[in-house]
1. What's the number of the condition residue 103 fails, among (1) touching a residue at least 24 places away in the same chain (Cβ under 8 Å); (2) loosely packed, with under 10 Cβ neighbours inside 10 Å?
2. Looking at 76, 53, 122, can you tell me which residue is under 20 Å from residue 32 (Cβ atoms), within 15 Å of the chain's Cα centre (by Cα) and without any contact (Cβ under 8 Å) to a residue 24 or more places away in the chain?
3. Give me the residue from segment 148-160 that is crowded, with 18+ Cβ neighbours inside 10 Å and either at positive phi or part of a strand (DSSP E or B) (or both) and, out of that set, farthest from the chain's Cα centre (by Cα).
4. Where in segment 45-142 are there strands (runs of 3 or more DSSP E), lying wholly inside it, with at least 1 residues that are at pLDDT 95 or above and within 13 Å of residue 11 (Cβ to Cβ)?
5. Read through the list (1) out of contact with any helix residue (DSSP H, G or I) (no Cβ under 7 Å at 6 or more places or on another chain); (2) within 24 Å of residue 157 (Cβ to Cβ); (3) assigned to a strand (DSSP E or B), then give the number of the only condition that residue 34 fails.
6. Evaluate the following for residue 13: is it modelled with pLDDT of 95 or more and more than 20 Å from residue 151 (Cα to Cα)?
(Lines give C-alpha, C1' and ligand atoms only; values in the text may rest on other atoms or scores of the structure.)
Protein backbone atom coordinates (compact mmCIF):
# COMPACT_ATOMS: atom_id res chain seq x y z
CA UNK A 1 0.00 0.00 0.00
CA UNK A 2 1.17 3.51 -0.67
CA UNK A 3 0.33 6.96 0.65
CA UNK A 4 -3.03 8.21 -0.61
CA UNK A 5 -5.58 10.95 -0.13
CA UNK A 6 -9.16 10.49 1.03
CA UNK A 7 -10.43 11.11 -2.51
CA UNK A 8 -12.35 8.10 -3.76
CA UNK A 9 -13.20 6.78 -0.28
CA UNK A 10 -16.61 5.17 -0.09
CA UNK A 11 -18.68 4.17 2.97
CA UNK A 12 -21.41 1.54 3.06
CA UNK A 13 -23.90 0.53 5.75
CA UNK A 14 -24.93 -3.10 5.98
CA UNK A 15 -28.13 -4.80 6.98
CA UNK A 16 -28.70 -5.16 10.72
CA UNK A 17 -26.61 -7.84 12.39
CA UNK A 18 -28.62 -10.77 13.66
CA UNK A 19 -25.97 -12.17 16.01
CA UNK A 20 -23.20 -10.84 18.17
CA UNK A 21 -19.66 -10.79 16.84
CA UNK A 22 -17.35 -13.45 18.29
CA UNK A 23 -14.42 -11.25 19.40
CA UNK A 24 -12.15 -13.29 17.11
CA UNK A 25 -10.88 -10.96 14.38
CA UNK A 26 -10.66 -13.56 11.59
CA UNK A 27 -14.13 -14.96 12.34
CA UNK A 28 -15.67 -11.51 12.64
CA UNK A 29 -14.06 -10.28 9.41
CA UNK A 30 -15.50 -13.31 7.59
CA UNK A 31 -18.93 -12.61 9.11
CA UNK A 32 -18.88 -8.93 8.06
CA UNK A 33 -17.83 -9.90 4.51
CA UNK A 34 -20.49 -12.61 4.25
CA UNK A 35 -22.84 -12.60 1.30
CA UNK A 36 -25.77 -12.59 3.73
CA UNK A 37 -25.02 -8.93 4.57
CA UNK A 38 -26.35 -6.46 2.04
CA UNK A 39 -24.28 -3.26 1.94
CA UNK A 40 -25.70 0.01 0.63
CA UNK A 41 -23.38 2.86 -0.32
CA UNK A 42 -23.92 6.13 1.52
CA UNK A 43 -24.17 8.72 -1.23
CA UNK A 44 -22.75 12.24 -1.28
CA UNK A 45 -20.16 11.51 1.42
CA UNK A 46 -18.15 14.63 2.26
CA UNK A 47 -15.97 13.43 5.13
CA UNK A 48 -15.31 10.68 7.65
CA UNK A 49 -14.05 11.47 11.14
CA UNK A 50 -11.16 9.61 12.71
CA UNK A 51 -11.81 6.09 13.91
CA UNK A 52 -10.07 3.25 15.69
CA UNK A 53 -9.59 2.03 19.23
CA UNK A 54 -8.26 4.19 22.00
CA UNK A 55 -7.24 2.39 25.16
CA UNK A 56 -8.00 3.85 28.58
CA UNK A 57 -5.13 4.79 30.84
CA UNK A 58 -5.08 2.91 34.13
CA UNK A 59 -2.47 4.26 36.48
CA UNK A 60 -1.23 3.97 40.02
CA UNK A 61 1.53 5.59 42.04
CA UNK A 62 4.09 3.30 43.63
CA UNK A 63 5.25 5.15 46.73
CA UNK A 64 8.60 3.37 46.93
CA UNK A 65 9.41 4.24 43.29
CA UNK A 66 7.98 7.77 43.41
CA UNK A 67 6.70 7.07 39.94
CA UNK A 68 3.30 6.77 38.30
CA UNK A 69 2.93 3.51 36.39
CA UNK A 70 0.58 3.45 33.40
CA UNK A 71 -1.23 0.35 32.19
CA UNK A 72 -3.60 -0.26 29.33
CA UNK A 73 -7.26 -0.47 30.27
CA UNK A 74 -10.26 -1.22 28.08
CA UNK A 75 -10.44 -0.37 24.39
CA UNK A 76 -13.02 2.14 23.19
CA UNK A 77 -13.89 2.48 19.50
CA UNK A 78 -15.40 5.88 20.22
CA UNK A 79 -17.73 7.75 17.93
CA UNK A 80 -17.26 8.80 14.33
CA UNK A 81 -19.03 11.60 12.48
CA UNK A 82 -19.94 11.03 8.84
CA UNK A 83 -20.55 14.30 6.99
CA UNK A 84 -22.85 13.95 4.00
CA UNK A 85 -24.47 16.31 1.50
CA UNK A 86 -28.19 15.92 2.29
CA UNK A 87 -30.04 13.82 -0.29
CA UNK A 88 -33.45 12.65 0.91
CA UNK A 89 -33.67 10.06 -1.89
CA UNK A 90 -30.32 8.38 -1.29
CA UNK A 91 -30.73 4.74 -0.20
CA UNK A 92 -27.61 4.79 2.00
CA UNK A 93 -28.69 7.95 3.79
CA UNK A 94 -32.17 6.49 4.25
CA UNK A 95 -30.60 3.34 5.74
CA UNK A 96 -28.63 5.48 8.22
CA UNK A 97 -31.81 7.30 9.26
CA UNK A 98 -33.66 3.99 9.73
CA UNK A 99 -30.75 2.56 11.75
CA UNK A 100 -30.77 5.63 14.00
CA UNK A 101 -34.44 4.99 14.80
CA UNK A 102 -33.95 1.26 15.43
CA UNK A 103 -34.45 0.57 19.10
CA UNK A 104 -35.99 -2.87 18.73
CA UNK A 105 -34.52 -4.89 21.55
CA UNK A 106 -30.97 -4.71 22.85
CA UNK A 107 -29.18 -5.68 19.69
CA UNK A 108 -29.15 -2.92 17.07
CA UNK A 109 -25.69 -3.01 15.55
CA UNK A 110 -25.04 -2.44 11.87
CA UNK A 111 -21.91 -3.29 9.90
CA UNK A 112 -20.03 -0.39 8.35
CA UNK A 113 -17.64 -0.83 5.44
CA UNK A 114 -15.11 1.87 4.56
CA UNK A 115 -13.45 1.30 1.20
CA UNK A 116 -10.34 3.21 0.15
CA UNK A 117 -9.31 3.90 -3.43
CA UNK A 118 -6.33 1.49 -3.14
CA UNK A 119 -8.62 -1.45 -2.35
CA UNK A 120 -8.14 -1.54 1.44
CA UNK A 121 -11.45 -2.07 3.24
CA UNK A 122 -12.12 -1.51 6.93
CA UNK A 123 -15.10 -3.20 8.59
CA UNK A 124 -16.67 -2.56 11.98
CA UNK A 125 -19.98 -2.87 13.83
CA UNK A 126 -21.68 0.39 14.80
CA UNK A 127 -24.74 1.79 16.51
CA UNK A 128 -26.12 4.81 14.64
CA UNK A 129 -26.60 7.31 17.45
CA UNK A 130 -27.66 10.47 15.72
CA UNK A 131 -28.61 12.04 12.42
CA UNK A 132 -28.49 15.82 12.43
CA UNK A 133 -29.09 18.31 9.61
CA UNK A 134 -26.71 21.21 9.17
CA UNK A 135 -28.27 23.87 6.91
CA UNK A 136 -25.34 26.28 7.08
CA UNK A 137 -25.64 29.59 5.26
CA UNK A 138 -26.69 30.71 1.79
CA UNK A 139 -23.50 29.45 0.15
CA UNK A 140 -23.40 26.11 1.98
CA UNK A 141 -24.71 22.72 0.94
CA UNK A 142 -27.27 21.37 3.41
CA UNK A 143 -25.55 18.51 5.17
CA UNK A 144 -26.30 15.57 7.38
CA UNK A 145 -23.92 14.79 10.20
CA UNK A 146 -24.37 11.19 11.28
CA UNK A 147 -22.73 9.97 14.49
CA UNK A 148 -21.95 6.29 14.77
CA UNK A 149 -20.57 4.54 17.86
CA UNK A 150 -18.00 1.86 17.04
CA UNK A 151 -18.66 -1.31 19.04
CA UNK A 152 -16.03 -3.59 17.56
CA UNK A 153 -12.40 -3.50 16.55
CA UNK A 154 -11.62 -2.04 13.13
CA UNK A 155 -11.03 -5.09 10.96
CA UNK A 156 -8.76 -4.39 7.99
CA UNK A 157 -9.11 -6.39 4.81
CA UNK A 158 -6.10 -5.74 2.61
CA UNK A 159 -6.96 -8.58 0.25
CA UNK A 160 -10.18 -7.07 -1.00
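1. Failed condition: (1).
2. When all the criteria are applied, what remains is 76.
3. Result: 155.
4. Where strands (runs of 3 or more DSSP E) fall fully within segment 45-142 and carry at least 1 residues being at pLDDT 95 or above and within 13 Å of residue 11 (Cβ to Cβ), they are 45-48, 79-85, 110-115, 121-134.
5. (3)
6. Spelling it out, it is not the case that residue 13 is modelled with pLDDT of 95 or more and more than 20 Å from residue 151 (Cα to Cα).
The values are calculated or read from the model by the stated rules, or taken from the named source; none is laboratory data. As the structure is a computational prediction, the values presented were derived from the model and not from experiment. Neighbour counts run over all protein chains shown; Cβ positions are idealised from the backbone, glycine included.
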